[in-house]
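The values are calculated or read from the model by the stated rules, or taken from the named source; none is laboratory data. Model, not experiment: these values are computed from the prediction. Methodologically, a virtual Cβ is constructed for each residue, glycine included, from the backbone with ideal geometry; neighbour enumeration extends over all protein chains shown. Each accessible area value is taken on the protein alone, full model and side chains, heavy atoms only, with ligands, DNA and RNA left out. Shrake-Rupley method; radii C 1.70, N 1.55, O 1.52, S 1.80 Å.
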Protein chains: 4
Amino acid sequence: MKSFLLATVLMAFSITGYSQNTQPYLSLAEAKRIADAAEAKAIENEWTVVIAIMDAGGHLILLRKIDGTQIGSVEVAQAKAKSAVYFKRSTKVFEDGVNDGNNRLMTLPNAVALEGGVPIFRDGHCIGAIGISGVRSDQDGIIAEAGLSVLESK
Amino acid sequence: MKSFLLATVLMAFSITGYSQNTQPYLSLAEAKRIADAAEAKAIENEWTVVIAIMDAGGHLILLRKIDGTQIGSVEVAQAKAKSAVYFKRSTKVFEDGVNDGNNRLMTLPNAVALEGGVPIFRDGHCIGAIGISGVRSDQDGIIAEAGLSVLESK
Amino acid sequence: MKSFLLATVLMAFSITGYSQNTQPYLSLAEAKRIADAAEAKAIENEWTVVIAIMDAGGHLILLRKIDGTQIGSVEVAQAKAKSAVYFKRSTKVFEDGVNDGNNRLMTLPNAVALEGGVPIFRDGHCIGAIGISGVRSDQDGIIAEAGLSVLESK
Amino acid sequence: MKSFLLATVLMAFSITGYSQNTQPYLSLAEAKRIADAAEAKAIENEWTVVIAIMDAGGHLILLRKIDGTQIGSVEVAQAKAKSAVYFKRSTKVFEDGVNDGNNRLMTLPNAVALEGGVPIFRDGHCIGAIGISGVRSDQDGIIAEAGLSVLESK
């Protein structure tokens, strides 16, 4: 009887899969797995990049700078990740927009219009983002996707 | 005779409804009514946005972020309101300008070229602005106008 | 039998009260209730203040500036809320520390050493903060507590 | 004869182990080893911290945020590492100075007066720094030293 009551109480919390007013988050363990996959892809191509992974508030969880990467990329990788989590969309969307002539997008505070920033969603929530900078923006994008591929297979 | 002169002078001061060297201002009570109308319009359309209302100095009077709105909109809504009050014109004017090829407008400090920022005038004075961000810029503009509509009917 | 299985599955999600890797968050509806209580307390005392409420990432959910409040408080209220959420402790802790001679605390980026910033916890998670500025820091603190008192009674 | 002179000149460059006008640097591989040791120490003590490792220019090479660490520490850990590399001394030196009444140190741009930032030297060159933030500053210092201990044993 006691355990039945407990189950009932617990059910009340979990009716949506998440408790009321809660949201999933990205852990450091997951960020490391993402970064390992991104770094492996970069090394495989002999590309020097910075890998930045942020949480849902746009705060760094993890950053790695491969030896020899231009120092400007330390900030650019973070700016891309921030743009992705702030606007819940890939920076490629802004790059494509500007390429299509929508220059006005460049006046959006915190928006970066270069591929390489990708948001991370879980159960409909944006839980963070990855930002890559160091090589061509389409190559940065390839590394970002390589990193995020580990999440799909879990 | 003396009092007649005084009365004449006083009348001269009050002909516009305001004394010399004064200007009307936007109150928190009005800002709440504007925000209520804007929020109702957003909810009616199931749009998630940030509503920012500023005074004549470009300082926040009120801000509301509807649950689930991208966090980038917190800064963008403020930037739009600031642009509107700093330049005493709608951000749509800058958006149209950039769309017409006047990219040089994007070098204007504090100018945002995306619809959704609208100045508020009273008796010829710019007393503040509203800034909306979260959905498409034309939709942001619809919410801004819905908010300001409460002022016209007062 | 079917419902028993469902209960078992749901229990797996809710063993800690929250699903794995999820955390609670502060809603706009709650922020409004907090702000209403804080504003009522300020008006009761004829105190002019800015009320700022932030989420777990240090991003604004709500801001209100009572008419006549010094404009510096718009930024100070946000800085206090940010300090509270960034360091998961009341700004009074830093104020007391500096008053006790720990001046080194003033070199902490984003730390504000004036009472009036209070973090909001739910089930062990810091889900946001309130920041008040406009009157004496101990008075700011009274308003902050008045605002948060609505959460305890729910 | 010409090639003999060239060989002699080249030999002269390499006599110290480094060519003239070169300096050693901190690699990502080393930064990971440092971070692993620091992280292990933090977990052993159940301390939640951010670990930041910078290069000789004060640019991030690596950052890790242990789950549950206050988000303010993301910036503080970087500020400590930056202070250490900018002034080629431990942030504890500034903390001790301020504790001794030298408040004027707090006006030094980029100086942090809280233990936890330690520069890294190799062959007389400052090649970077580690910054730790999240627990008491003396505990942050313990984690920093645990991280750097891997360099001494190599």
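All other residues with a Cβ under 11 Å from the Cβ of D:ALA56 taken together, and with Lys, Arg as +1 and Asp, Glu as -1, what is their net charge?
+1
Enumerate the aspartates and glutamates that D:LYS92 could reach by cross-link, defined here as Cα to Cα under 13 Å, with residues fewer than 8 away along the same chain left out.
D:ASP100, D:GLU115, D:ASP138, D:ASP140, D:GLU145
Express the carbon and sulfur contribution to the solvent-accessible surface of chain B as a percent, rounded to the nearest whole number, probe 1.4 angstrom.
The value for chain B is 55 percent carbon and sulfur by accessible area.
Give the shape of chain D as rounded, prolate or oblate, defined through the alpha-carbon gyration tensor: a ≥ b ≥ c are the square roots of its eigenvalues, a/c under 1.5 means rounded, and otherwise the shape is prolate if a/b is larger than b/c and oblate if not.
Prolate, since a/c reaches 1.5 and a/b exceeds b/c.
What is region A:23-152's relative contact order, in percent, from Cα pairs under 8 angstrom and six or more apart in sequence?
Worked out over region A:23-152, it gives 31 percent.
Just to check I understand the Karplus step: with θ = phi - 60° and J = 6.51 cos²θ - 1.76 cosθ + 1.60, what whole-Hz values come out for region B:35-46, glycine and proline as x?
So the Karplus estimates, Gly and Pro as x, are 5, 4, 5, 5, 5, 4, 5, 5, 5, 4, 9, 6 Hz.
Which residue, B:THR22, B:THR69, B:THR91, tops the fluctuation ranking in a GNM of chain B built on C-alpha contacts under 10 Å?
Result: B:THR22 has the largest fluctuation of those listed.
Please find, in a Gaussian network model of chain B (springs between Cα atoms separated by less than 10 Å), the residue of B:LEU114, B:LEU60, B:LEU105 whose mean-square fluctuation is greatest.
Taking springs between Cα atoms under 10 Å, the residue moving most is B:LEU105.
Measuring nothing but label to label, 7 Å from Cα along Cα→Cβ, what are D:ALA29's distances to the other copies in nm, shortest first?
Nearest first, the other copies' label points are 2.8, 5.7, 7.2 nm away.
Just counting partner chain Cβ atoms within 10 Å, what average do the residues of peptide B:73-83 show around their Cβ?
4
Which distances in nm, rounded to one decimal and ordered from shortest, link the label point of C:GLU44 to the equivalent label points in the other identical copies, with labels set 7 Å from Cα toward Cβ?
Label-point distances to the other copies, shortest first: 3.6, 5.3, 6.4 nm.
For chains A and C, what's the summed buried accessible area, probe 1.4 Å, to the nearest 100 square angstrom?
1700
At 222 nm, what value in deg cm²/dmol follows for chain B if DSSP H runs of at least 4 each add -39500 (n - 2.57) and the sum is divided by all its residues, to the nearest 500?
Only helices count here, giving -14500 deg cm²/dmol.
Check which residues have an amide H placed less than 5 Å from A:THR22's amide H, if you skip close sequence neighbours.
Close amide H contacts, sequence-distant or interchain: C:TYR25.
Tell me, for the rotation carrying C onto A, which chain C residue has the beta-carbon closest to the axis and what that distance is in whole Å.
C:GLY57, 1
Roughly what angle does helix D:72-87 make with the longest principal axis of chain D, taking Cα atoms, 0 to 90 degrees, to the nearest 10?
The angle comes out near 40 degrees.
Post the alpha-carbon centroid distance, region D:94-141 to region C:76-154, in whole angstrom.
So the two Cα centres are separated by 25 Å.
Counting Lys +1, Arg +1, Asp -1, Glu -1, what net charge surrounds C:GLU115 among other residues with beta carbon under 11 Å of its beta carbon?
Overall, the nearby charge balance is -2.
Counting only protein heavy atoms, probe 1.4 Å: which residues of region C:28-55 lose 40 Å² or more of accessible surface in the full assembly compared with their chain by itself?
Going by heavy-atom accessible area, the residues of region C:28-55 that drop by at least 40 Å² are C:LEU28, C:LYS32.
Keeping every protein chain present and rolling a 1.4 Å probe, give me the accessible area per residue for region C:23-152 in Å².
Value returned for region C:23-152: 37 Å² of accessible area per residue.
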